[in-house]
Amino acid sequence: LRVAILLSGSGSNMAALADSMTGLHPARPCLVLSNVPGAGGLERAAERDIPTATVDHRPFKGDRAAFEAALQDRLVEAAPDLVCLAGFIRILTAPFIASWEGRMLNIHPSLLPKYRGLDTHARALAAGDIEAGCTVHEVTAELDDGPILGQARVPIRPGDTPDSLAARVLKAEHELYPSVLRRVAEGERSPLLLG
Ligand code: GRF
């Protein structure tokens, strides 16, 4: 199976996914694509000899459809069986997602359905939650709302800040996402619950 990974940042999730696809694992990374030129994840992919691409969203200004057409062209060229969003910050339109329905995964740093959208850690702390976590789900047109494929829970500790909680959740992401990818690559879509 061919897996394309889309990112916008440092690519720690991409690295965890790529490093898990070895040996008997039925999947291999075929492309790492960023919307941000020079994103740290591009260097991490190059270190792993994974083909990389950049489709900068800025030249397209507000023309989301044109940006997605360029994105689609580059993705189709890599012919992935699965697309993993890993810290990819662009919102994708329903028609684009429809063309990848059932084959696009995302990791979100909260225990969905709580805290869809941004600033999840600050919101969990502000709410006085005693636990947080991350969710891998199928991407659908509704933001952060597709079928849940896996979740990992982490404790919130006294004195936690958004940064300290983010670091704890990120470690859980690096375990959850590769575990879910392996299950999906083996045809298993029932939710995996960790922690
Ligand atoms: C992190 O905030 C993570 O919680 C979320 O995407 C961001 C980027 O992580 N999933 P990285 O680029 O995978 O390091």
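Miscellaneous remarks
- Antiparallel DSSP beta bridges within the range 1-143, as percent of all bridges there, nearest 5: 20
- Here the range 49-183 is treated with +1 on each Lys and Arg Cβ and -1 on each Asp and Glu Cβ, and its dipole about the Cα centre works out to around 260 debye.
- The angle between the Cα long axis of helix 64-78 and the main principal axis of the chain comes to about 70°, on a 0 to 90 degree scale.
- Rounded to the nearest 10 degrees, the inclination of helix 162-185 to the longest alpha-carbon principal axis of the chain is 50 degrees.
- Shape class of the range 87-164 from the Cα gyration tensor (axes a ≥ b ≥ c, square roots of the eigenvalues): prolate, since a/c reaches 1.5 or more and a/b is larger than b/c.
- Mean separation of Cα pairs under 8 Å and 6 or more residues apart, divided by the residue count, gives the chain a relative contact order of 20 percent.
- When the chain is treated as a GNM with alpha-carbon contacts under 10 Å, the residue of LEU170, LEU42, LEU24 showing the greatest mean-square fluctuation is LEU24.
- Assuming charge only on the beta carbon of Lys and Arg (+1) and of Asp and Glu (-1), the dipole of the range 116-195 about its Cα centre is about 220 debye to the nearest 20.
- Taking every Cα-Cα distance in the range 1-130 and sorting them into 5 Å bins from zero, the calculated P(r) comes out as 2, 10, 19, 21, 19, 14, 9, 4, 1, 0 percent.
- GNM on the chain, alpha-carbon springs under 10 angstrom: the most fluctuating residue among GLU77, GLU175, GLU138 is GLU77.
Since every read-out is calculated from the coordinates, none of them should be taken as a lab result. In this text the structure is predicted, and so the values were computed from the model without any measurement. Quick reminder, even Gly has a Cβ in these numbers, built from the backbone with ideal geometry, and neighbours come from all protein chains shown.
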